[in-house]
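Everything on this sheet refers to the single structure shown next.
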Amino acid sequence: MSTAGRADGRLRIAVIGVGHLGRHHARILATLPGVVLVAAVDLIPERARAAAEPAGADALGESLDLIGRVDAVTIAVPTSDHLAVARPFLSRGVHVLVEKPMAASTAEADEMIALAEASGALLAVGHSERFNPAMRAASPILRTPRFIEVHRLSGFPERSLDIDVVFDVMIHDLDVILSVDRTDVVAVEAIGVPVLTPRIDIANARVRFASGCIANLTASRISRDKVRKVRFFQPDMYASIDYAAQDLEVWRLRPRPGERPAIEGGPVPVTKDEPLRAELADFAAAIQEHRPPLVPGQDGRRALALASRVAEAIAASAWAEAPRPVDM
């Protein structure tokens, strides 16, 4: 589909699903240069109007009403609906950015990728931590990590309770470690506990790559403290990222002939930015520049597949079968 459907050449984009996250899609897209927000779509009319009106966009209740009116859509509906919503657009060559996790299963992810390849549509997945300025600053130096330690803790949400903490929260970090180490995952061990919901609310996973790198990840949505940090250890270098603060520290070991090695480093300057804004800007630029997005469908599928392996490991663990406490 043409990316210049308007006389002024701007990219025509709509947001489908303007709840907790989708409303921010609409807010940002309305301000991106070279983009016009055509519509906000939601089953709840009040939400659609609240997202659409500030940008002078249409408020719609049915995504199929966008056919023929847009060059691209972003999808922020419940995960179980991702494929059904994306299918008519991908099959017509309309570019799609779908929020994480990209689908309810790897089979559904495969169908989305196949549809995009057949029609020539661009398919991007909303793994926003890849666009965190601290992560982007660190990426060029993360060449041979041997150990990765991740903590992502947050309070109990009022959203995403249709999926457990692995697919809701941990998948961000699974995508990040997969982007840093592109070798095969050879082993996964995991444990998880359902605390406030019937689904897993806190989980720990240990992932081993063919390279020898091991990643230890902890994710919780029942913590009193909010923590979003990752540390990378590789020969002669240590890097620490605070996603929330967008801070990066790097420390290196510098040999000194005849003396003990010196440890040098400290905070690295990072230009702050809203990761979601950078993600949506990359999506629009990828369409206009005819290039792949930073997080293509194949990467979203890989993160989903690893999250599924973590969930399977939890299901096979003794904790998953332990009786729930009676008193909370």
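The values are calculated or read from the model by the stated rules, or taken from the named source; none is laboratory data. Remember, predicted model here, so these are calculated numbers, not experimental data. Note that each Cβ is placed from the backbone with ideal geometry, even for glycine, and that neighbours are counted across all protein chains shown.
Given (1) part of a loop (DSSP other than H, G, I, E, B); (2) more than 14 Å from the chain's Cα centre (by Cα); (3) modelled with pLDDT of 95 or more, identify the lone condition not met by V326.
Among (1) part of a loop (DSSP other than H, G, I, E, B); (2) more than 14 Å from the chain's Cα centre (by Cα); (3) modelled with pLDDT of 95 or more, the lone unmet condition for V326 is (3).
Please specify each residue of region 279-315 satisfying the condition of being under 13 Å from L97 (Cα atoms) and either among the hydrophobic types (A, V, I, L, M, F, W, C) or free of Cβ contacts under 8 Å to residues at least 12 places away in the same chain (or both).
Residues satisfying the conditions are L280, A281, F283, A284, A285, A286, I287, L294, V295.
Scan region 243-255 and tell me whether some residue there is surrounded by 17 or more Cβ atoms within 10 Å (Cβ to Cβ), touching a Phe, Trp or Tyr at 6+ places or on another chain (Cβ under 8 Å) and either assigned by TED's automatic domain parsing to the domain that holds E312 or of a type in the set (K, R) (or both).
The answer is yes, given that some residue of region 243-255 is surrounded by 17 or more Cβ atoms within 10 Å (Cβ to Cβ), touching a Phe, Trp or Tyr at 6+ places or on another chain (Cβ under 8 Å) and either assigned by TED's automatic domain parsing to the domain that holds E312 or of a type in the set (K, R) (or both).
Hey, V96 hits all of (1) surrounded by 24 or more Cβ atoms within 10 Å (Cβ to Cβ); (2) at pLDDT below 95 but one; which does it fall short on?
The failed condition is (2).
Looking for something surrounded by fewer than 19 Cβ atoms within 10 Å (Cβ to Cβ), over 21 Å from E274 (Cα atoms) and either free of Cβ contacts under 8 Å to residues at least 24 places away in the same chain or touching a Pro at 6+ places or on another chain (Cβ under 6 Å) (or both) - is there at least one such residue anywhere in region 211-231?
no
Which of the numbered conditions does M170 fail, given that it passes all the others? Conditions: (1) crowded, with 23+ Cβ neighbours inside 10 Å; (2) not in a helix (DSSP H, G or I).
(2) is the only condition that M170 fails.
Filter region 195-209 down to the residues that are modelled with pLDDT under 95 and either aromatic (F, W, Y) or farther than 13 Å from S223 by Cα (or both), then identify the one that is surrounded by the fewest Cβ atoms within 10 Å (Cβ to Cβ).
Filtering first and then ranking leaves P198.
Exactly one condition in (1) surrounded by 19 or more Cβ atoms within 10 Å (Cβ to Cβ); (2) outside any helix (DSSP H, G or I); (3) at pLDDT below 95; (4) not aliphatic (A, V, I, L, M) is not met by P145; state its number.
Every condition holds for P145 apart from (3).
State whether the residues of region 16-38 include one that is crowded, with 24+ Cβ neighbours inside 10 Å, in contact with a Lys or Arg (Cβ under 8 Å, 6 or more places away or on another chain) and among the small types (G, A, S).
We begin by selecting, within region 16-38, every residue crowded, with 24+ Cβ neighbours inside 10 Å; these are 16-18, 25-26, 29, 37-38.
Checking which are in contact with a Lys or Arg (Cβ under 8 Å, 6 or more places away or on another chain) leaves us with 18, 38.
Keeping just the survivors that are among the small types (G, A, S) gives none.
Scanning region 16-38 turns up no residue that is crowded, with 24+ Cβ neighbours inside 10 Å, in contact with a Lys or Arg (Cβ under 8 Å, 6 or more places away or on another chain) and among the small types (G, A, S).
Only one of these conditions is not met by A116: (1) over 23 Å from M237 (Cβ atoms); (2) within 17 Å of the chain's Cα centre (by Cα); (3) crowded, with 19+ Cβ neighbours inside 10 Å; (4) not charged (D, E, K, R). Which number is it?
(2)
Among the residues of region 94-140, write down those that are touching a strand residue (DSSP E or B) at 6+ places or on another chain (Cβ under 9 Å) and of a type in the set (V, I, T).
Within region 94-140, V94, V96, V98, I113, V125 meet the criteria.
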